[in-house]
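The values are calculated or read from the model by the stated rules, or taken from the named source; none is laboratory data. None of these values were measured; they are calculated from a predicted model. Glycine also receives a Cβ, built like all others from the backbone with ideal geometry; neighbour counts cover every protein chain displayed.
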């Protein structure tokens, strides 16, 4: 009988006897389920933050911020700076011939969360072409604000997470109450924000400067031309970056700590689960010792026996990982949360489920290895005699 | 006591199983210790909050408010004292190495007596305009000792001459403050203020306010915000108690910690229950023998309980011990200043760990123990 066939026969027999060892086997399933569940639940947050930023960072756009600023709020650009940027090459133009640039303002204002706690929401100012630069934005109710008027629109994500943001309600700003006149969807970071007219907002909040300029590039390759023109201009001290690259940096800044924690905690749980796996597989081998000895006496090789042990561990671990992933998905996928003044949706993606299964399989290989060696080396005569 | 050898013999029947179970339990309790210990840190911070303090910040802009506002707040009824700070945010050598220096006016010292700075250190800050007292975490992070100089580049904080580089003298190193998990650098308000262009001078980013009646701090916060609502500088005030409560932040980390600890306990419960059930099943006839010899139901059940509890409790003790060790060396392992709150192994953590271990042992031994109580001795003895 060839080796593959032997492996198949022994493993099939092994799996048929699993129900008799149901509860012992469940130790692996529960251990890996808990490990993968915790890992993916924690990663769902970094995945969510990643998603809202990645979607917002179109490679067809560029962002211009003052040198050294690593978030939009820290950047500051004067009206003169913006005028200079407007005349730079490489910027796409609207049908009216004017450049598609959005001189934006970014402030965070206190807002009560839906659960009653005090939080902050990002209030963004759009330049006259803002909505065209952010072409993925779509109004879902009401209308967009009128330039020059004290009006705001709100993203549907923000509406869900904060109180008093329905159309018709008012947001308190320094010079009075601004009504919300519409709501929009964009699928990205904007969806959790309030948006109004930049110049009107600057007057109201006594912001002398814009924060950043976001613009549509004439073509994907125009970035170099634009950057050269702006960074060599002695009147400017700015940083020009593709919008998608800017957000990649923001993502790393805001998620690396949390991702490290998630992997550290997942790692500790994995060690615990590994001991559980070893325990279970040793028990499984000892429960099957007579059966294994019989197989060996019949002429089966030690190798297929060892493989069957590892295979059992892998299948149980993968099942546990799937259950853990399913629980993490059911609990967290699609849930909305806020990180600072940014709203995002927690995500458990297929790639993450894959990661969970890989973790489980690697652990099972480690946890099955020593028991499988023991199985292959069972002294046949003693095992047959044992009661 | 006399049953200890019997219990130990039961456990050591399968040494591999006993040790592996204990190791799993240990790891789960290491995680338990770290997460619940982190919550203990949050609790400690919240409990140590001074009920009579509150913080006032500009509501809409981060470019500060005139320091004259301190005088106006001080005149409000129920306010005893006001201090303020500004800050410089920049980087050291590489833009990735972000540094934040708080610059305090002299009155902060009177309002924050619980900060670990000694009178001598406060004096040094007051006497050296470009000096900073730094916390141990920051000293470790930047490898600084008293007498060193430290330069940061802060593009958004230009001096009157246009320069954006700021050099500090390290005056001394002080203990860390639990709620400043990334450590701190504290300097003199005048250093930034007097070096800035005239138009930016005399502005503070945060005011520290002390209320005369600790039960009315929230009202004072409200009063301040109402008072400035229609002024050129609207404010946003929060009591120290509310500011230090983690459940008030968008993400309730304390709840996340509890969930993680629970997941670990669930894993351990399953594992222990399984081990003890298997052990009892294998030795069913032996327990029948014990009963035949006159051991009472209660005694036999207690034996099973202790057989489950010993590895559990040992694992819990080792695990929490390991967690204590890890939290002691954590600042050396991770790049310090990362902002992860360090777990504190308070008595509460040990009590919770002990209770959880006992509960796991009780729950996992309950079914096997009941089976032993209801067993038919004759059948069990005959091995059927």
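Just one of B:294, B:339 is in a loop (DSSP other than H, G, I, E, B), within 13 Å of chain A (Cβ to nearest Cβ) and at pLDDT below 90; which is it? Spell out the reasoning first.
Values: B:294 fails: within 13 Å of chain A (Cβ to nearest Cβ).
Answer to the selection: B:339.
Has the range A:287-303 got at least one residue that is within 33 Å of the chain's Cα centre (by Cα) and over 30 Å from residue B:276 (Cα atoms)?
Here is the first cut: in the range A:287-303, the residues within 33 Å of the chain's Cα centre (by Cα) are none.
The answer is no; no qualifying residue exists.
Name every residue in the range B:40-72 that is surrounded by 24 or more Cβ atoms within 10 Å (Cβ to Cβ) and touching a helix residue (DSSP H, G or I) at 6+ places or on another chain (Cβ under 6 Å), in order of residue number.
B:54, B:56
When you scan the range B:317-337, do you find a residue that is over 17 Å from the mean Cα position of the chain (by Cα) and more than 30 Å from residue A:256 (Cα to Cα), even just one?
Checking the range B:317-337: at least one residue is over 17 Å from the mean Cα position of the chain (by Cα) and more than 30 Å from residue A:256 (Cα to Cα).
For the range B:72-87, does any single residue satisfy the condition of being over 29 Å from the mean Cα position of the chain (by Cα) and within 14 Å of another protein chain (Cβ to nearest Cβ)? Can you show your working first?
So the first thing to find is which residues in the range B:72-87 are over 29 Å from the mean Cα position of the chain (by Cα), and the list is B:72-81.
Keeping just the survivors that are within 14 Å of another protein chain (Cβ to nearest Cβ) gives none.
Taking every residue of the range B:72-87 in turn, none turns out to be over 29 Å from the mean Cα position of the chain (by Cα) and within 14 Å of another protein chain (Cβ to nearest Cβ).
Could you check how many residues of the range A:323-347 are away from every other protein chain (no Cβ under 14 Å) and in contact (Cβ under 8 Å) with a residue 60 or more places away in the chain?
3
For the range A:12-22, how many residues are within 14 Å of chain B (Cβ to nearest Cβ) and loosely packed, with under 13 Cβ neighbours inside 10 Å? Working first, answer last.
So in the range A:12-22, the residues within 14 Å of chain B (Cβ to nearest Cβ) come out as A:20-22.
Filter once more, so that each one left must be loosely packed, with under 13 Cβ neighbours inside 10 Å: A:20, A:22.
Summing the residues that are within 14 Å of chain B (Cβ to nearest Cβ) and loosely packed, with under 13 Cβ neighbours inside 10 Å in the range A:12-22 gives 2.
Tell me, please, whether a residue that is under 24 Å from the mean Cα position of the chain (by Cα), more than 14 Å from chain B (Cβ to nearest Cβ) and assigned to a helix (DSSP H, G or I) can be found in the range A:56-65. Give the derivation first.
Taking the range A:56-65 as the starting set, the residues that turn out to be under 24 Å from the mean Cα position of the chain (by Cα) are A:56-63.
Filter once more, keeping what is more than 14 Å from chain B (Cβ to nearest Cβ): A:56-63.
Still in the running and assigned to a helix (DSSP H, G or I): A:56.
Yes - at least one qualifying residue is present in the range A:56-65.
Scanning the range A:166-186 for residues that are free of Cβ contacts under 8 Å to residues at least 40 places away in the same chain and closer than 15 Å to residue A:124 by Cβ, which turns out farthest from the chain's Cα centre (by Cα)? Quick ask: steps written out before the conclusion?
Step one: of the range A:166-186, the residues free of Cβ contacts under 8 Å to residues at least 40 places away in the same chain are A:166-170, A:172, A:174-181.
This time we only want the ones that are closer than 15 Å to residue A:124 by Cβ, so: A:178, A:180.
Values: A:178: 34, A:180: 30 Å.
Top of the filtered list is A:178.
Looking at the range A:87-110 only, could you name the residues that are in contact (Cβ under 8 Å) with a residue 40 or more places away in the chain and under 18 Å from residue A:223 (Cα atoms)? Spell out how you get there, then give the answer.
In the first step, residues of the range A:87-110 are kept if they are in contact (Cβ under 8 Å) with a residue 40 or more places away in the chain; the result is A:88-93, A:99-109.
The answer is A:88, A:89, A:90, A:91, A:92, A:93, A:99, A:100, A:101, A:102, A:103.
Given the criteria more than 14 Å from chain B (Cβ to nearest Cβ) and closer than 27 Å to residue A:208 by Cα, does residue A:148 qualify?
Working: more than 14 Å from chain B (Cβ to nearest Cβ): yes; closer than 27 Å to residue A:208 by Cα: yes.
Considered against the rule, which asks whether it is more than 14 Å from chain B (Cβ to nearest Cβ) and closer than 27 Å to residue A:208 by Cα, residue A:148 comes out as yes.
Restricting attention to the range B:24-52, and to residues there that are out of contact with any strand residue (DSSP E or B) (no Cβ under 6 Å at 6 or more places or on another chain) and not in a helix (DSSP H, G or I), which single residue is modelled with the lowest pLDDT? Can you show your working first?
Initial filter on the range B:24-52 (out of contact with any strand residue (DSSP E or B) (no Cβ under 6 Å at 6 or more places or on another chain)): B:24-51.
Still in the list and also not in a helix (DSSP H, G or I): B:48-51.
Working: B:48: 85, B:49: 88, B:50: 90, B:51: 90.
It comes out as B:48.
Working only within the range A:30-51, note down all residues that are more than 14 Å from chain B (Cβ to nearest Cβ) and in contact with a strand residue (DSSP E or B) (Cβ under 8 Å, 6 or more places away or on another chain).
So the first thing to find is which residues in the range A:30-51 are more than 14 Å from chain B (Cβ to nearest Cβ), and the list is A:47, A:50-51.
Hit for the range A:30-51 is A:51, nothing else.
In the range B:239-279, how many are over 30 Å from residue B:23 (Cβ atoms) and more than 7 Å from chain A (Cβ to nearest Cβ)?
Narrowing the range B:239-279 to residues over 30 Å from residue B:23 (Cβ atoms): B:239-252.
If we keep only those that are more than 7 Å from chain A (Cβ to nearest Cβ) as well, we get B:239-247, B:249, B:252.
Residues that pass the stated criteria total 11.
Among the listed residues A:141, A:131, A:204, identify the single one that is under 31 Å from the mean Cα position of the chain (by Cα), in contact (Cβ under 8 Å) with a residue 24 or more places away in the chain and surrounded by fewer than 21 Cβ atoms within 10 Å (Cβ to Cβ). Walk me through it before giving the result.
Working: A:131 fails: in contact (Cβ under 8 Å) with a residue 24 or more places away in the chain; A:204 fails: under 31 Å from the mean Cα position of the chain (by Cα).
Matching residue, one of A:141, A:131, A:204: A:141.
Considering only the range B:192-240, state which residues are without any contact (Cβ under 8 Å) to a residue 12 or more places away in the chain, in a loop (DSSP other than H, G, I, E, B) and either more than 36 Å from the chain's Cα centre (by Cα) or within 28 Å of residue B:132 (Cβ to Cβ) (or both).
B:201, B:230, B:231, B:232
What helices (runs of 4 or more DSSP H), lying completely within the range A:71-189, carry at least 1 residues that are within 26 Å of residue A:235 (Cα to Cα) and modelled with pLDDT under 95? Reasoning before the result, please.
On the way: elements: A:79-86, A:130-133, A:156-161.
Fully inside the range A:71-189 and qualifying: A:79-86, A:130-133.
Yes/no per residue for (1) more than 18 Å from residue B:260 (Cα to Cα); (2) within 11 Å of another protein chain (Cβ to nearest Cβ); (3) in a helix (DSSP H, G or I); (4) free of Cβ contacts under 8 Å to residues at least 24 places away in the same chain:
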position	(1), (2), (3), (4)
A:255	yes, no, yes, no
A:259	no, no, yes, no
A:263	no, no, yes, no
A:269	no, yes, yes, no
A:272	no, yes, yes, no
A:279	yes, yes, yes, no
A:283	yes, yes, yes, no
A:286	yes, yes, yes, yes
A:292	yes, no, yes, no
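Within the range B:125-145, work out how many residues are surrounded by 14 or more Cβ atoms within 10 Å (Cβ to Cβ) and either over 24 Å from residue B:194 (Cβ atoms) or under 30 Å from the mean Cα position of the chain (by Cα) (or both). Working first, answer last.
So in the range B:125-145, the residues surrounded by 14 or more Cβ atoms within 10 Å (Cβ to Cβ) come out as B:125-126, B:128-142, B:144.
Still in the list and also either over 24 Å from residue B:194 (Cβ atoms) or under 30 Å from the mean Cα position of the chain (by Cα) (or both): B:125, B:131-142, B:144.
Final tally of qualifying residues: 14.
Quick one: how many residues across the range B:1-20 are modelled with pLDDT of 85 or more and surrounded by fewer than 10 Cβ atoms within 10 Å (Cβ to Cβ)?
Total meeting the criteria: 2.
Just to check your reading of the model, which residue among A:212, A:255 is under 24 Å from residue A:107 (Cβ atoms), touching a helix residue (DSSP H, G or I) at 6+ places or on another chain (Cβ under 7 Å) and not assigned by TED's automatic domain parsing to the domain that holds residue A:112?
Working: A:212 fails: not assigned by TED's automatic domain parsing to the domain that holds residue A:112.
Of A:212, A:255, the one residue that is under 24 Å from residue A:107 (Cβ atoms), touching a helix residue (DSSP H, G or I) at 6+ places or on another chain (Cβ under 7 Å) and not assigned by TED's automatic domain parsing to the domain that holds residue A:112 is A:255.
Between a residue in the range B:114-126 that is under 18 Å from residue B:168 (Cβ atoms) and any residue that is assigned to a helix (DSSP H, G or I), which pairs come within a Cβ distance under 7 Å, given they are 6 or more apart or on different chains?
B:122/B:109
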